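Notes for the one structure printed next.
The values are calculated or read from the model by the stated rules, or taken from the named source; none is laboratory data. All figures in this text were calculated on a predicted structure; none of them were measured in a lab. Positions of Cβ are generated from backbone atoms using ideal geometry, with glycine treated the same way; all protein chains shown enter the neighbour counts. Please note that ligands, DNA and RNA were not included when accessible areas were found on the heavy atoms of the full protein model with its side chains. Shrake-Rupley method; radii C 1.70, N 1.55, O 1.52, S 1.80 Å.
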Amino acid sequence: MIMQRVLAILVTSVFISTMAWADDNHSPLVVDRDIGRIKSTKEIPVVSYADVLDRATPSVVAVYTTQYITINDNRGRPPPRSLEELFQQYGMPSPQQDEESPLREHRQQTGVGSGVIISEDGYVMTNHHVVVGQDGDYADEIRIRLADDREFVPEIIGSDEKTDVAVLRITADEPLKAIKITDSDRLRVGDIVFAIGNPMEIGFTATKGIISATGRHFQGRILGPGSYENFIQTDASINLGNSGGALVDAWGRLIGINTAIVSRSGGSIGIGFAIPVNMALSVARSLIESGEVPRGLLGLFPETLNQSFASAFNLESTKGALVHQVQEGSPAERGGIRHGDIIIRIDDIKIESAPQLRLVISQMMPGREVQVVIIRAGEELVLPVVLGSLSEKLSGFRENSESSNLKGVTFIILSDEYRDELSFPEGLEGVLIDKVEVNSPFADNLVRGMVLIEVNGASVNDAESVEANLKQGVNSLYVWYNGNKRFVIIRLKND
């Protein structure tokens, strides 16, 4: 018998976009403007990416956070008789006693994450959730460890919860190794990527995968209500501790900030998400320049088109955002936008869904004039609209007073803007929980983003009506959260 042997050689050609992200001449960021591709491997197959990782890894850092907590040394011990009596009983002199229970401060490491050096003068980008505690405040102490084991205590420049981006700054005696950055808008599914960070505190680690998808959003289910989600999805392993680390392309250039995973076990199952670097850098620049992130506002309630809407409006596709309602006095109303309009483009940006419309507008500066392209009664129109400011829109809402019966719970008026962000049902009233302190006695039952609809059967729409209908003992709250209504039972006790 004649045996035939067949040798199959798999040669992979990798094409990675290299167009650099446009930046101004004053930016300290290192941006790669080379137009290049990994060459065809007909002559020399790609067998190692060691040189790529050698360029990127020195710019990735580990971020450690510490919280200081006060401990009562008598916790868990039975209350003794008078110490003076006890010492007298055994014939010993009485010690000096403090009138209060002994307290001591305890230093506790609470978090481990990663970060990326984005400029030679020490700016480090990471996640918001890496540098804050469960109470929403910054950690008491933050340390940054470089790949060469040097450690620094950084300055907190600022952070943005809605995009999960934070910026720190460290001061070193010599310029730091800043990562090169490329254009995340040019990424394609199938591009090779590497996730670099400090997973599980085992040390700097790189994992390889591809881009599985772009433009992923989950209506706030990952970053929380009112957030702006626009993730790169990858199967490169991302685990606890990778948050804030680098997602780089096959040239070692930064394309994203690793942020979250989907997993029932808590470990990587090949579904990880990163913030696109274009979006993250836009936020970072605003934080560096002004300490806040200004966001544009149209002032309308859009919905993603489906086939039924497309048929009803005689549209050829489901791409676009249908305007359900225009807020009175809003920039959209002043610009002539009406309910029933379908927004298909903002300037040169094609709009394919309602979440994308919201994201695009949020990344534009208030006061900017944009050309809103709509379809109205089958006709395409261009309407100039001057954007308002989202922060100004939200700044006037009232929060609850410190005398609330729900200690540690902060309410905020459920505005039209918040209704849009939460996709809260039309015609329903309620009051939004804006914050729940970690030490609140109600932290196990109430969470941020939950809307209280009724308290003990009575409708509520502000903090005052909540307080008016609470009572000592058992209380029944009817709430809306993540698209579902349910009852929550809480108990109020006399102080």
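Cα-Cα over 19 Å: which of LYS435/LYS493; LYS407/LYS493; LYS407/LYS435; LYS471/LYS493? Intermediate values should be presented prior to the final figure.
Numbers: LYS435/LYS493 21 Å; LYS407/LYS493 11 Å; LYS407/LYS435 11 Å; LYS471/LYS493 9 Å.
Distance filter (> 19 Å) returns LYS435/LYS493.
Kirkwood Rh, segment 263-323, all Cα pairs: how many Å?
Details: mean 1/r = 0.0630 Å⁻¹.
15.9 Å is the Kirkwood radius here.
Might you work out the accessible area of LYS162 for me, using a 1.4 Å probe with all protein chains in place, and round it to the nearest 10 Å²?
Accessible area, nearest 10 Å²: 50 Å².
Using +1 at the Cβ of each Lys and Arg and -1 at the Cβ of each Asp and Glu in segment 131-179, identify which of SER159, LEU176, VAL132 lies farthest towards the dipole's positive end.
Ranked along the dipole, the leading option is LEU176.
Using packing as a proxy for protection, rank 254-267, 427-440 so that the peptide with the highest average count of other Cβ atoms within 10 Å comes first. If you can, show how the numbers build up before the last one.
Working: 254-267: 20.2, 427-440: 16.9.
Put in order of decreasing packing, that is 254-267, 427-440.
Less than 15 Å Cβ to Cβ from ASN475, Lys/Arg counted +1 and Asp/Glu -1: what total charge do the surrounding residues give? List each step's numbers first, then the result.
Numbers: positive: LYS407, LYS471, ARG486, ARG491, LYS493; negative: ASP444, GLU454, GLU467.
Once all neighbours under 15 Å are counted, the net charge is +2.
Please list 406-414, 226-234, 343-351 highest first by mean number of surrounding beta-carbon atoms within 10 Å per residue. Don't skip to the answer; put the middle values down first.
On the way: 406-414: 20.3, 226-234: 22.7, 343-351: 17.1.
Top to bottom by mean Cβ count within 10 Å: 226-234, 406-414, 343-351.
Quick one: Karplus J couplings for segment 173-178, per residue in order, coefficients 6.51, -1.76, 1.60, θ = phi - 60°, nearest Hz, x for Gly and Pro?
3J(HN,Hα) across segment 173-178, in whole Hz: 6, 9, x, 8, 7, 8.
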